[in-house]
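**Student:** Please read through the structure below; I'll follow up with questions.
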Amino acid sequence: MSSADQDDVFSQRIREQWTDQLGRRLDILIAGCGRGGVLDVGRYEPRMTGVDEDLPALRTHTANRDDLEASYLGDLRLVPIPPRSFDVVYVSFLLERIRHAELVLDRLVAGLRPGGLLLLKMRDRKSAYGFCDRVTPRWLRRALWRTLTPAGSVGPLPAVYEPLASREAIQAYCLMRGLMIAEDYSAVSGPARRGPHGGLVAVVCRAVAAFSRGGLNGTEDEITMVIRRPQNHFARLI
């Protein structure tokens with residue numbers, strides 16, 4: 001499934017959530033609003049709030065958005081996320097670029113109302129693309145960014161890739177916290193894969209995957225999940 005098709009899935013799940021709420025206006029949190037994190041919400045006009053780190057590129061992009069009723073930039077362990085306040089939390093390419101990712105995700109999940117949806121997109125640390133992203137020195141990433149990525153791409157942003165940024169880690173996280181993964185997809189969406197030299201980048205990724213002897217995914221680099229918080233949400237399972 002392509003990244004665009006996955007966006008359509010997200011839009012459909014938001015429509016279903018709106019129907020389930022009997023037409024009540026939805027509250028949506030966009031975590032990662034400074035990089036993108038745009039949702040097609042159709043005619044439903046939800047209240048949308050954005051949160052992200054306070055970096056110059058993210059600050060500029062957030063200020064130019066007209067779909068957010070409020071936005072908060074700063075340490076994501078501290079920005080206001082009231083418990084049980086959102087019907088949908090969209091985590092958009094955030095977990096792979098921040099530190100304390102598990103703690104931040106705990107805060108985002110706590111912000112969901114029972115029955116709410118966590119819509120997750122992230123770069124997979126176990127993909128060849130993610131591996132190259134996190135091991136490339138910062139100065140080299142900066143030097144290559146404009147050459148390899150499409151015009152207008154926000155970045156280069158930090159490439160932290162804590163252990164949580166993998167499919168297996170998210171599956172374990174959901175199991176421990178009583179969350180249900182309803183849908184799970186993979187796609188190709190890395191900025192350098194979509195840039196003017198995407199063919200060359202794809203060859204490099206396949207070569208890196210081959211050297212890893214199956215340890216890294218040489219094709220897809222994006223993980224997309226639809227995760228639901230149950231109506232009756234108990235404490236995490238130990």
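**Student:** In Å, what Kirkwood hydrodynamic radius results for region 17-134 from the alpha-carbon pair distances?
**Tutor:** Result for region 17-134, one decimal place: 14.7 Å.
**Student:** For the chain, what does -39500 (n - 2.57) per DSSP helix run (n ≥ 4), summed and divided by total residues, give at 222 nm, in deg cm²/dmol to the nearest 500?
**Tutor:** Helix-only estimate at 222 nm: -10000 deg cm²/dmol.
**Student:** Rounded to two decimals, what is the ratio between the C-alpha radius of gyration of the chain and 2.2 N^0.38 Å?
**Tutor:** Relative to the rule-of-thumb radius for its length, the chain sits at 0.99.
**Student:** Continuing with the same structure: In whole angstrom, how far apart do the alpha carbon centroids of region 145-168 and region 116-131 sit?
**Tutor:** Using only Cα atoms, the two centres lie 11 Å from each other.
**Student:** Can you send over the solvent-accessible area of HIS197, 1.4 Å probe, protein chains only, in Å² to the nearest 10?
**Tutor:** Answer for HIS197: close to 80 Å² accessible.
**Student:** Would you pull out the residues with amide H under 5 Å of GLU183's amide H, same chain only if 5 or more places away, H placed 1.01 Å from N?
**Tutor:** Result for GLU183 returns VAL226.
**Student:** Apply the Karplus curve 6.51 cos²θ - 1.76 cosθ + 1.60, θ = phi - 60°, to the phi angles in region 155-166 and return the couplings in whole Hz, x for Gly and Pro.
**Tutor:** x, x, 9, x, 10, 8, 6, 5, x, 4, 7, 8
**Student:** Keeping every protein chain in place, order ARG229, ARG43, ARG194, ARG77 by accessible area at 1.4 Å, biggest value first, i.e. largest first.
**Tutor:** ARG43, ARG194, ARG77, ARG229
The values are calculated or read from the model by the stated rules, or taken from the named source; none is laboratory data. Computed from a predicted model, the values in this text were never measured in an experiment. The area values use the complete protein model at the heavy-atom level, side chains included, leaving out ligands, DNA and RNA. Shrake-Rupley method; radii C 1.70, N 1.55, O 1.52, S 1.80 Å.
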